[in-house]
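Notes follow once the structure below has been shown.
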């Protein structure tokens, strides 16, 4: 469901999972969105919407690609989250949709969840944050 109006294409987690030989399983979880189990299986919560599935699958693909096994410490998990956010939201795409408004709507325009959008902003450099603030002010003034 790649948004056609964005400047840069983003990774297709289903394609990457297939290339890595991962099997995707749907399951119901009360306390997780998904997890990778070894180098061959990813489990996704069946209640996730398309955006949640896309972001969670890519998150688990990154774990597999990094060779992670089992539960990760908070620093490693943050590194994975920021990697996911940077890969799924290239800076030009974020600047393309930068405007005041609800994070959920902006996230949808980027084909991600609001949590991944928050991670992308948290992972931004000081220069990127200045650019983003300027773009939002320009949009507000228009």
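Just so you know, all these numbers are worked out from the coordinates, no wet-lab data involved. What you see is a predicted model, and the numbers here were worked out from it, not measured in a lab. Positions of Cβ are generated from backbone atoms using ideal geometry, with glycine treated the same way; all protein chains shown enter the neighbour counts.
For the reader, a short list of remarks on this structure follows.
- Beta bridges from DSSP with both residues in the chain: antiparallel share about 45 percent, rounded to the nearest 5.
- Helix-only mean residue ellipticity at 222 nm for the chain, each DSSP H run of n ≥ 4 adding -39500 (n - 2.57), per residue, nearest 500: -16500 deg cm²/dmol
- Normalised by 2.2 N^0.38 Å, where N is the number of residues, the alpha-carbon radius of gyration of region 85-142 equals 1.02.
- Max mean-square fluctuation residue, GNM over the chain, Cα-Cα springs under 10 Å, options 92, 74, 39: 74
- Efficiency of FRET from Cβ geometry, residue 16 and residue 136, R₀ 25 Å, rounded to 0.05: 0.20
- Of interest is the spacing of the C-alpha centroids, which for region 64-104 and region 10-43 amounts to 16 Å.
- The alpha-carbon atoms of region 11-79 define a convex hull whose volume equals 86 cubic angstrom per residue.
- Label assignment, Rg/Rh (Cα atoms, Kirkwood Rh) derived from the structure, set [x] 0.99; [y] 0.93; [z] 1.14: [x]
- Of the peptides 113-126, 6-19, the order by per-residue mean of other Cβ atoms within 10 Å, starting with the highest, comes out as 113-126, 6-19.
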